[in-house]
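What follows is a short report on a single structure.
The values are calculated or read from the model by the stated rules, or taken from the named source; none is laboratory data. Here the structure is a predicted model, which means the values were calculated and not measured. Here the Cβ positions follow ideal geometry from the backbone for every residue, glycine too, while neighbour counts run over all protein chains shown. Just the protein is used for accessible areas: all its heavy atoms, side chains included, with ligands, DNA and RNA removed. Shrake-Rupley method; radii C 1.70, N 1.55, O 1.52, S 1.80 Å.
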Amino acid sequence: MAIIMDGNGRWAEAHGVSVAEGHRAGARALRRVVEAAIDLGIETLAVYAFSTENWTRPTDEVADLMVLLSETIDEELPDLAKQGVRTRFLGRRDRIEPWLEQKMRLLEARTAHLDTLHLWIAFDYGGRAELVEAARRLIEDGVPAEAVDEAALAARLYAPELAEIDLLIRASGELRISNFLLWQTAYAELVFTDTLWPDFDASELARAVDAYSARQRRFGARALR
Ligand code: FPP
């Protein structure tokens with residue numbers, strides 16, 4: 001499952017608080033939803049926390065999001081680790097400040113043995129950038145054109161072990177994929193909810209899973225009559 005956690009800014013505006021507070025409420029929602037996902041038996045959850053395009057936001061907001069990631073690593077993710085959550089990050093690493101990148105790596109190492117839920121936090125992530133990087137790696141690896149197939153490319157994504165996404169949820173009423181997991185969501189079922197991300201909770205997650213369960217997935221084949 002994957003989630004686009006959108007609507008922190010609008011939530012902040014509606015509550016008369018700063019955008020930073022909106023993102024903070026979004027981080028609390030993330031923790032809530034990971035716990036709800038464990039209860040539902042979901043094995044893999046990928047969330048979009050910071051896109052390659054988010055660097056163009058005001059400097060203060062970018063800095064706030066970096067601090068928020070650091071605080072989330074310190075305060076929320078260790079508790080989730082106690083519940084068996086393995087956390088990994090997805091995206092570019094070269095533009096993140098070294099102190100933060102080191103924290104990310106440490107958390108990945110410390111939770112590497114856990115298996116209840118695999119949490120992927122997309123940070124400085126863009127689906128197109130991921131595909132461009134995979135193409136570059138194919139060339140660097142000297143793969144001849146006739147050997148380039150889906151498996152060869154998938155093996156060179158940021159995280160080849162991240163499975164195909166079955167269900168993609170987007171909060172906040174926007175009807176877009178916004179460059180998230182373009183390869184992995186090829187056959188994902190999409191569920192959109194008007195709820196702003198900071199208000200997203202266990203019942204909202206359960207509703208999305210129910211909607212998914214009612215879908216008939218065909219993967220391009222003809223439906224059985
Ligand atoms: C989109 O809301 C959300 C983000 C760009 C950041 C997502 C971050 C979190 C949910 C907090 C968890 C974060 C970390 C770092 C673990 P928006 O600001 O685009 O909302 P708007 O569309 O209403 O303005």
> Where residues in the stretch 4-16 are open to solvent by 60 Å² or more (accessible area, probe 1.4 Å) and without any contact (Cβ under 8 Å) to a residue 60 or more places away in the chain, which of them is nearest to the ligand (Cβ to nearest atom)?
Replying inline: E13
> Going by the conditions given, is A134 open to solvent by 10 Å² or more (accessible area, probe 1.4 Å), of a type outside the set (D, E, K, R) and at negative phi?
Replying inline: no
> Which of the residues spanning the stretch 17-32 are more than 8 Å from the ligand (Cβ to nearest atom), more than 12 Å from T72 (Cα to Cα) and open to solvent by 40 Å² or more (accessible area, probe 1.4 Å)?
Replying inline: V17, S18, E21, R32
> Based on what the data block shows, is L80 buried (at least 19 other Cβ atoms within 10 Å of the Cβ) and more than 10 Å from the ligand (Cβ to nearest atom)?
Replying inline: yes
> Are any of the residues in the stretch 115-124 touching a residue at least 12 places away in the same chain (Cβ under 8 Å) and part of a helix (DSSP H, G or I)?
Replying inline: no
>> Taking the condition of being near the ligand (Cβ under 10 Å from one of its atoms), buried (at least 18 other Cβ atoms within 10 Å of the Cβ) and not in a strand (DSSP E or B), how many residues in the stretch 45-67 meet it?
In response: 2
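Conditions tested, residue by residue: (1) under 23 Å from R10 (Cβ atoms); (2) β-branched (V, I, T).
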site: A151; (1), (2): no, no
site: A159; (1), (2): no, no
site: E174; (1), (2): yes, no
site: T185; (1), (2): no, yes
site: L190; (1), (2): yes, no
site: L196; (1), (2): yes, no
site: D201; (1), (2): yes, no
site: S213; (1), (2): no, no
site: A221; (1), (2): no, no
>> Condition first: within 23 Å of A211 (Cα to Cα), without any contact (Cβ under 8 Å) to a residue 60 or more places away in the chain and outside any helix (DSSP H, G or I). Now tell me which residues in the stretch 17-44 satisfy that.
In response: G41
>> Regarding the stretch 187-197, can at least one residue be identified that is touching a residue at least 60 places away in the same chain (Cβ under 8 Å), closer than 30 Å to E133 by Cβ and either open to solvent by less than 60 Å² (accessible area, probe 1.4 Å) or aromatic (F, W, Y) (or both)?
In response: yes
> Taking the stretch 198-223, which residues are open to solvent by less than 30 Å² (accessible area, probe 1.4 Å) and part of a loop (DSSP other than H, G, I, E, B)?
Replying inline: F200
> Does the stretch 89-101 include one or more residues that are surrounded by 15 or more Cβ atoms within 10 Å (Cβ to Cβ), closer than 17 Å to L162 by Cα and of a type in the set (G, A, S)?
Replying inline: yes
>> Looking at L157, L162, L175, L181 in this structure, which one is free of Cβ contacts under 8 Å to residues at least 60 places away in the same chain, crowded, with 19+ Cβ neighbours inside 10 Å and under 20 Å from F50 (Cα atoms)?
In response: L157
